[in-house]
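A short reminder: the numbers here are calculations on the coordinates, not readings from a lab. Model, not experiment: these values are computed from the prediction. Note that each Cβ is placed from the backbone with ideal geometry, even for glycine, and that neighbours are counted across all protein chains shown.
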Amino acid sequence: MLKRSVWIKGCCALSLAAFVVLAVMADAGRANSGRYVGSEACRECHDQEYDNFKKFAKKAHSGESVRIMMGDLTKEELAECYGCHMTGVGQPGGFVDFETTPGMAEAGCEVCHGPGYDHVESGGDPDFIKHDLSLDDCQVCHNPERVDAFDFKPLLHGGAH
């Protein structure tokens, strides 16, 4: 009887451990696609934020300033500009060029909030997108070197929300 009790407890503990491992693995893989979808995909659920972004945020037109300067830039300089002025450069679903991916030719929603594919596909699960932004998030592009060089005045949210 004692052996059976130990065996049952062992099976229960093993089952619980397997369940926990599977749950952690499933959760860990939830947001790993890293795929970008573009700001238009955000519009369906976040129309007011999208409209404000398009109307007030300079980021919504950031690709145009790069396009205007393209002829005067080296390939390396252009690549550096793309890193901040375009959405998802070099990433799945991200900016390739102005002709192939015109919807990514701006510093769109996903530049700040991260790749949105998993968020959209899940029906808007907030765990798939970054929503608590800080100044550190802005300083990826608005770092001291660029602020000095271009006289940037970074504002959290840039008038988009």
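I need the phi-derived Karplus couplings for the stretch 119-133: 6.51 cos²θ - 1.76 cosθ + 1.60, θ = phi - 60°, integer Hz, Gly and Pro marked x.
Result, ordered by residue: 4, 5, 5, 7, x, x, 4, x, 6, 9, 9, 7, 10, 9, 8 Hz.
If packing is taken as the average count of other Cβ atoms within 10 Å, what order do 120-129, 86-95, 49-58 fall into, highest mean first?
86-95, 49-58, 120-129
At 7 Å along the Cα-to-beta-carbon direction for both LEU135 and GLU121, put a label point, then send me their distance in nm to one decimal.
So the two model labels end up 3.7 nm from each other.
Put a dot 7 Å past each Cα toward the Cβ at GLN91 and LYS58; how far apart are the dots in nm?
Between LYS58 and GLN91, the label points sit 2.3 nm apart.
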